[in-house]
Amino acid sequence: MGRIFFRGVNLIDGEHKPQPNSTVVVQGQRIKAVGKNGDMPKPNARDVVYDLSGKSLMPGMVQCHYHVAYANVGDMNDIDMKYPPTYLTLIAAKNAELLLSCGYTGAAGAGSMHNIDVTLKKAINSGMIPGPRFLACGRDVVTTGDSVDCHPNFWKMGMDGLARVCDGPDDFRKAVREEIKMGVDIIKLYPTGGHGLMWDEDTMTMSQDEIDSATTAAHERGRKIRGHIISKKGILAALQAGMDVIDHGDRMDDECIEGMLEQETFVVPSLYFPWKVVEEKRRTGSSDWGGVDSMERNLEHSYEVLPKANKAGVKLVIGDDFGIASMPHGEYACELEAYVKGAGIPANEVLRWATKNGAELLGMGDELGTIEPGKIADLLIVKGNPTKDITILQDKKNLHAIMKDGEFYRNELTPSRARLQRAA
Ligand SMILES: [Zn+2]
C-alpha cells in the first residue's frame, strides 16, 4: 500500500510546542511516522509526496457540545415543534458535513430530538454520508417544569421530541436506561437553570439523589453523562455524583478545580456566545441582550478562572450551542478566538483542548487527538500557523486538506512535481 508523505510542515501535534519543518507519513488508516525531515523513511515510486512549506499539520478538531439538528433556533418551540423529524434529520445530515468541512473530525452530542444523533452516527459510520466521528446524545433528561418542559399543560403535549421529563431517582434511572436502549453514548441532564433557561442559575433543578441515580445508571452500562451546570453549587453536586462532563461550568472556583482534577472531569466553558455579545457591547456601547450585565460578570469570572484551571490541568474542551439563531452552524472555529483573545489562553493550548482533550472526551484518547505514530490519521493541513493566528481556522479556504481515518475528505494539495516526474 502506498504511503502519503506530508513534508516540510509546521507540526502542531496536539500536545507539544509546534515543530517547524517536520514530516508526517500516513499509511492506510494510521500515522506511520512523525519526525524531522532529515531522519525519515525515503518515499518510493508508489508513495505520494506533498511538500508543504508555509502550512501547518494538526489533528482534526472535536466539537464537544454539539446540537447537530438545531436549525436557527430562536425560542424553545423552534427546537422540536417547528419541523417534522424527517426534515430535521436532513438538516442534521447537512450540518454534520458542514462540521467536518470546518476541520472537526469528531463531535459529542449535547442533546438531540427524535434520536437524530444515533441515526446520524449510523449513517456516517456506514459511509452513507460524510461527517465526524460521533458520540451520540439523546433527549434532554429534565425534571417537571424545567428547561424544555416549558409548554402549558393545556397543550397536552408529551414532548416526545427533545424532553424526557422525570422526577425522583427511580424515574431518572429508568429514563437513562431508555436512552441507552435507544443507542445513545452520552446522557444529558439539566441540574441547574441559567444560560438562557427559564430558571435562574442559582436554582438547582434536580436534587442530588436524582443526579446520583442518573449518573450511576449511565456508568453501570458504560455510558457517559453530562450536565448543563451554571453555578458552583451545581458543579459540586455533579462532582459528588461523578458526572463525566460539565457543560458551561460558570462560577467555578479553586474548590471546583480541585474536584475536577481529582475526577478528571471534562469542562466545556462555551464562552463564544457571551464573548461575542460582550465584545459587541464594549465596541458599540450598547447591547440588545437583556441579561448582558450578568453575562459580562460571568465572563469576567471565567477570564480569571480559566487560565488557572488550564494551568492546573483541568480537561477543558471546546463546543457551544451552534444552531441557535445568534450563533449559526459553520461559525464553529470562531469559538477558539474567544479563549485566546478573551481569556488569554495561548493558542497552542486552546488547540490542545480542541484536539487531544476532545479525543479523550470521545473515549478515544489512545487512538486520536495527537499526531504520533500508530494513531488514526484524523488530521488537517492548514495554510499558515494557527498557533500564531488562531483566526486562520475560521476560513474554510485555509483548510487545504481534511483527512479522517486516513482518507481525504478534502484535498487541495498538489503532489510534489519532482516526485511525479520521477514516478512517471
Ligand atoms: Zn447546549
Next item on the list: Would you mind finding the one in Asn95, Asn115, Asn77 that is surrounded by fewer than 16 Cβ atoms within 10 Å (Cβ to Cβ) and among the polar types (S, T, N, Q)?
Entry: Asn77
Checklist line | Out of Gly374, Gly365, Gly330, Gly344, sole residue that is assigned to a loop (DSSP other than H, G, I, E, B), under 18 Å from the mean Cα position of the chain (by Cα) and farther than 27 Å from Asn72 by Cα | finding: Gly365
Item checked: strands (runs of 3 or more DSSP E) within the stretch 99-204 that include 1 or more residues in the same structural domain as Val277 (by TED's automatic domain parsing), among the aliphatic types (A, V, I, L, M) and more than 16 Å from the ligand (Cβ to nearest atom) -> 163-165
Check: Within the stretch 312-327, how many residues turn out to be within 16 Å of the ligand (Cβ to nearest atom) and either outside the structural domain of Ile79 (by TED's automatic domain parsing) or not polar (S, T, N, Q) (or both)?
Finding: 10
Check: Tell me, which residue of the stretch 264-283 that is part of a helix (DSSP H, G or I), under 20 Å from the mean Cα position of the chain (by Cα) and not hydroxyl-bearing (Ser, Thr, Tyr) is modelled with the highest pLDDT?
Finding: Trp275
Checklist line | Filtered residue count, the stretch 3-26, keeping only those that are buried (at least 17 other Cβ atoms within 10 Å of the Cβ) and without any contact (Cβ under 8 Å) to a residue 40 or more places away in the chain | finding: 3
Margin query: Being touching a Pro at 6+ places or on another chain (Cβ under 7 Å) and part of a loop (DSSP other than H, G, I, E, B) is the requirement here; does Gly14 meet it?
Written below: yes
Note to self: Just the residues that are within 22 Å of Gly194 (Cβ to Cβ), outside any loop (DSSP other than H, G, I, E, B) and in contact with a Leu (Cβ under 9 Å, 6 or more places away or on another chain), please, taken from the stretch 250-262.
What the structure shows: Glu255, Cys256, Gly259, Met260
Next item on the list: Take Ala333 and decide whether it is in the same structural domain as Leu98 (by TED's automatic domain parsing), surrounded by fewer than 20 Cβ atoms within 10 Å (Cβ to Cβ), away from the ligand (no atom under 16 Å from the Cβ) and among the hydrophobic types (A, V, I, L, M, F, W, C).
Entry: no
Check: What are the residues in the stretch 193-226 that are within 24 Å of the chain's Cα centre (by Cα) and at pLDDT below 95, if any?
Finding: Gly193, Gly194, His195, Gly196, Leu197, Glu201
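The values are calculated or read from the model by the stated rules, or taken from the named source; none is laboratory data. Bear in mind that the values here come from a model prediction, so they are computed numbers and not experimental data. As a convention, Cβ positions derive from the backbone with ideal geometry for all residues, glycine included, and neighbour counts pool all protein chains shown.
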